Amino acid sequence: MRKKKSYAGNAQSVIPVVLTGLFFVMLIGGCGSKKTETIPDLEEPAASNASYQQVTYGNIGTTNVLLGTAVPKEYGQAYEANVTVTKILVEPGDTVEKGDVLAYADVDEASASREAKQQELSHENTVYELNQKINQLQQDKLANQQKQQDTAENNIQDAAENNIQDAAENNIQEEDDMQESATENNTQETEAEVEDITSQIAVLQENSRYDTKLHEYRVQKLNEEIAALDALIADGTLKANHSGEVVYTKSLTVNRKAGAGENVAIVADTEDLEIKLKDVTVQNYKYKDVLEKYMLQSGERVPVTEREYSTDELVLAKINNNYPNVLIEKPEGVELKAGELYPIYFEEKRAEHVLLVGNDSLYQEDGETYVYVKAGDDTREKRKVTAGAADDHNTQITDGLAEGEAVYYETTERMPSDYTEYMVERSDFQVENHGLKYGRADKNARVYLTEKEGVLVEIAVEKDAEVKKGDLLYIIDTGEGKAAITEAANAIETENTTYQKQQADYDTQLIELQNATDSVSDYDRQIITLQKEIAEADHSYTLQQLQAAYDTLSRGNDGTGKLSVYADEDGQVSKITVWEGDTVEAGDEILKMKGEASDLLLVQMVSSKSVTVYTDDIAEAGEPVSITSGDTTYTGTCVGFAAGSNNLDEGCLYIDENGAHYTFQTTSGYDTPAFYVRMNDEIVDDMGNGESVDFPYISMEDVIVLPAGMIYEEKDAMHPDKVSYFVWKMEGDHLVKQYVLLDDTLTGNGKVVLFGIESGDVLARE
């Protein structure tokens, strides 16, 4: 799963909006908004601005709207061990079946990794066993001390009893008292020492239990990793865990490394779509307990439900600190289109089918609520009413008014006097985005990137040259080669020196204890011997790691700062990006090895001074794409994404018959977000000289779109930051103010109205 739609003017791609009326929310003392404490003079209003609204039945409550994008369910295809990928057999747009081979990994490297894991496991077991022996010896030592203390305490008691008896026989009261006091003190001291020893033993026992659990966990994980490497060594393939369409494949760079759990490919089930509420995760979701949730289909409400994540999935999400987005299940009978934007409505009612008027018709005086009811062409009646529940725009009237009566309301906006009638209809809404850099995709191409800043000393190959694995490609002077090797060598020397000193210290301690015959010294001698063995095991393991790092660093490093880079596979040079003598930065492309012919175009999102490009947005799989080249327009379809650094910030979380899975993603080697297009016609050579790639930025079907000039803005006098929007709606032979919900980000050739009016309504258009 990747970053989906974002919308112009707002970095948030899902916009929660509060609607009122079943409509909008504001409670003021159980009645409508307070206008003024004095009744305005309404005897002579301007006829053209006489504003009335009918008293009607409706609902009081709130409706929240979240925007979401229809997406297919995605399944990550990842190795369970760290690997080097040698070849990927599929590309975006391919259809695969469960069990199909998707990629191959370097088996030799897996063997080396297995050896390293086996060394780690052996070290873990050895050190654990030795530490457990030390722990037991420490317990035995303390238990022996405790036994000695118990004996001493008994001896003190016996001696005291004898002394007290002697004092009593000799009738020496003072000596008797002194003896009892001394005995009591000695006994208390001995008991304290025994209690302290007991406490120390308990701590050692608890440490042993903890170390055992930690050891068992480490061993289990290492055995799992070794088993995964064994399977990889035996086969080396990555097989699809789900059927569907490939929408992502990892870009192969010079080392082609893929971490355990990193997606080598993503397979999407395009037949199983759901609506993803962007930026609304299960951790910040507020509407789980809302009873009425729906989407609109041809203006009709269709109930919706959220996907229920399993406990295992949520645990994995917490472990990876990446909670999933709220997903709306596809309602039965509703057809979703991938990439389309859908409003989801969350309605909370406080009063249903009640008599209501707009808050702007209510006035207060001396604690009473009034309205002005139209009594004739030029007259109106002041009438006391009883108000009930209220929201931001409407208030329930429980007494004083009847349905169909017209009440006066204030408006700061001039009511249109010269207008035409506009019939509201549903239509589609779309805003285009553009890609400006594209070319034919090169499947399994290997890109060689420099790891360090430096100067390119030599390019040993030419464009179109055939190279064999191990051939020299280029030499770069980093100025750091000698220092790096020296540092690695010094680390080995330091480790050896430290180890030798440790061993000498242990030997000195053992010599000091050699002639001792007491039990404590015997325990100490055994403990030091075991500590010496642990130091030896640690040294051996650390030295293996340091030597491996030195060997890796030394390959291709002449020690003067010049690094030689060799071909890791047979291939043909398709592109040389730099020249000898050029200064390059870490991560710069040096050359590319040709992959396999592909019938896909790779489109990259780049900024342009002349064309607005939303670089945080790429086409969705299944969306139409057009390419303009001169006077010719070519059409195609997006089949997947290559992504860039800001498009691969999420993982794939899913559950199947084998349990819950979480796979993660990394950048794919492109500086900018990118996606793949399969053209409807054959790719022609001059297509690369095109002017732009056009595809939907925002795409919505069956929505209400109004010209911007028909929508008016109203600011709250008491809350200047609060803005409401309304239209002038025809009711009979007069106009009324009708509040609507907009999203300011949904702008193009008109504005999308999410709530407030429906198809068939008649509006005034100046």
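I need the full set of residues from region 692-743 which are of a type in the set (D, E, K, R) and either outside any strand (DSSP E or B) or closer than 29 Å to Ile627 by Cα (or both), in order please. Break it down stepwise before answering.
Of region 692-743, the ones of a type in the set (D, E, K, R) are 694, 701-702, 713-716, 721-722, 729, 731, 733, 737, 743.
Answer for region 692-743, where residues must be of a type in the set (D, E, K, R) and either outside any strand (DSSP E or B) or closer than 29 Å to Ile627 by Cα (or both): Asp694, Glu701, Asp702, Asp716, Asp721, Lys722, Asp733.
Determine which member of the set Lys133, Lys87, Lys117 is over 30 Å from Asp522 (Cβ atoms), assigned by TED's automatic domain parsing to the domain that holds Val203, among the basic types (Lys, Arg) and in contact (Cβ under 8 Å) with a residue 60 or more places away in the chain.
Details: Lys133 fails: over 30 Å from Asp522 (Cβ atoms); Lys87 fails: assigned by TED's automatic domain parsing to the domain that holds Val203.
The unique qualifying residue is Lys117.
How many residues are more than 26 Å from the chain's Cα centre (by Cα) and part of a loop (DSSP other than H, G, I, E, B) when one looks only at region 78-98?
Qualifying residue count, region 78-98: 5.
Take Tyr712 and tell me if it is of a type in the set (Ser, Thr, Tyr), surrounded by 14 or more Cβ atoms within 10 Å (Cβ to Cβ), at negative phi and at pLDDT below 85. Before the answer, list the steps.
Values: of a type in the set (Ser, Thr, Tyr): yes; surrounded by 14 or more Cβ atoms within 10 Å (Cβ to Cβ): yes; at negative phi: yes; at pLDDT below 85: no.
So Tyr712 fails the test.
Against the condition of a type in the set (A, V, I, L, M), loosely packed, with under 14 Cβ neighbours inside 10 Å, touching a strand residue (DSSP E or B) at 6+ places or on another chain (Cβ under 9 Å) and not in a strand (DSSP E or B), how does Val315 come out, does it pass?
Numbers: of a type in the set (A, V, I, L, M): yes; loosely packed, with under 14 Cβ neighbours inside 10 Å: yes; touching a strand residue (DSSP E or B) at 6+ places or on another chain (Cβ under 9 Å): yes; not in a strand (DSSP E or B): yes.
Criteria met by Val315.
For Val467, are the conditions met, namely being buried (at least 18 other Cβ atoms within 10 Å of the Cβ) and not assigned by TED's automatic domain parsing to the domain that holds Asn749? Quick ask: steps written out before the conclusion?
Values: buried (at least 18 other Cβ atoms within 10 Å of the Cβ): yes; not assigned by TED's automatic domain parsing to the domain that holds Asn749: yes.
Yes, satisfied.
Identify, from the list Leu472, Leu449, Leu436, the residue that is of a type in the set (A, V, I, L, M, F, W, C), modelled with pLDDT of 90 or more and surrounded by 15 or more Cβ atoms within 10 Å (Cβ to Cβ).
Numbers: Leu449 fails: modelled with pLDDT of 90 or more; Leu436 fails: modelled with pLDDT of 90 or more.
Going through Leu472, Leu449, Leu436 in turn, just one is of a type in the set (A, V, I, L, M, F, W, C), modelled with pLDDT of 90 or more and surrounded by 15 or more Cβ atoms within 10 Å (Cβ to Cβ): Leu472.
So Ile344 ticks every box in (1) hydrophobic (A, V, I, L, M, F, W, C); (2) under 30 Å from Lys384 (Cβ atoms); (3) at pLDDT 90 or above but one. Which box is left unticked?
Of the numbered conditions (1) hydrophobic (A, V, I, L, M, F, W, C); (2) under 30 Å from Lys384 (Cβ atoms); (3) at pLDDT 90 or above, the odd one out for Ile344 is (2).
Which numbered condition trips up Asp721, out of (1) over 24 Å from Leu336 (Cα atoms); (2) charged (D, E, K, R); (3) touching a Gly at 6+ places or on another chain (Cβ under 7 Å)?
So the condition that Asp721 fails would be (3).
Checking Ser629 against (1) more than 29 Å from the chain's Cα centre (by Cα); (2) modelled with pLDDT of 85 or more; (3) of a type in the set (S, T, N, Q): exactly one of these is not met. Which one?
Answer for Ser629: the failing condition is (2).
Given the conditions (1) in a strand (DSSP E or B); (2) in contact with a His (Cβ under 6 Å, 6 or more places away or on another chain), which single one is not true for Gly68?
(2)
The values are calculated or read from the model by the stated rules, or taken from the named source; none is laboratory data. Note that the structure is a prediction, hence the values are computed from the model and not measured. Every residue, glycine among them, receives a Cβ derived from its backbone with ideal geometry; neighbour counts consider all protein chains shown.
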